[in-house]
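What follows is one structure encoded as structure tokens, with my remarks underneath.
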Amino acid sequence: MSRDKKPDPTLDRLLDELTEDVMSMTDAELLAELAEEGTDPVAEAEAARDAIAAGLNRAGRVKLEEARAAVTRDRTAHVVHLAVSSDRRADVLARFANDDVKLKSRLTMAARNGEGITANEADAILRNLRELGAIDDDGNPSDG
């Protein structure tokens with residue numbers, strides 16, 4: 001059946017009447033009619049559940065893909081590339097660590113484990129400082 005065709009009012013009325021007939025039947029009447037037609041109600045119910053589950057799974061996958069695309073768009077839209085050279089990173093972080101107990105704790109814990117923070121962690125901290133307006137793109141303290 002093509003989806004390009006215009007709705008058929010006669011067919012729509014027939015479908016409405018059939019739906020009304022089925023909805024007005026008792027469970028016993030419905031089961032008797034299915035048995036008369038040789039239809040297994042348990043198998044039909046299982047097939048209906050499977051069809052509904054498949055539809056929900058497809059819809060869920062579509063929503064998941066849309067969410068992933070939105071996250072990717074959001075991440076790429078908000079990436080701030082700082083011009084802080086790798087040799088200045090430690091100086092900028094140390095300057096703020098002296099005023100921020102939590103940051104100082106993170107840096108100290110990394111040092112106690114024998115490892116410094118990774119370049120990605122340093123970049124993330126610098127991006128946060130930039131977003132907060134504490135530093136400019138070059139790592140210099142902001143006036144505001």
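Between residue 88 and residue 131, the C-beta separation translates, for a Förster distance of 30 Å, into a calculated FRET efficiency of about 0.95. If you take the beta carbon distance between residue 71 and residue 142 as r and set R0 to 35 Å, what does 1/(1 + (r/R0)^6) give as a FRET efficiency, to the nearest 0.05? The pair residue 71/residue 142 has a calculated efficiency of 0.75. Residue 30 to residue 51: FRET efficiency via 1/(1 + (r/R0)^6), r the Cβ-Cβ distance, R0 22 Å, to the nearest 0.05? Result of the calculation: an efficiency of 0.75. Straight Cα distances below 16 angstrom link residue 6 to none of the aspartates and glutamates, with same-chain residues fewer than 8 positions distant left out.
Under 13 Å from the Cβ of residue 67, count the other residues' Cβ atoms, weight Lys and Arg +1, Asp and Glu -1, and hand me the total.
+2
For residue 84, the amide hydrogen comes within under 5 Å of no other amide hydrogen, counting only partners 5 or more places away or on other chains and with H modelled in the peptide plane.
Values quoted throughout were computed directly from the atomic coordinates according to the rules given, and no laboratory measurement underlies them. Note that this is a predicted model, so its numbers are computed, not measured. Neighbour counts are summed over all protein chains in view; Cβ atoms, including those assigned to glycine, are modelled from backbone coordinates with ideal geometry.
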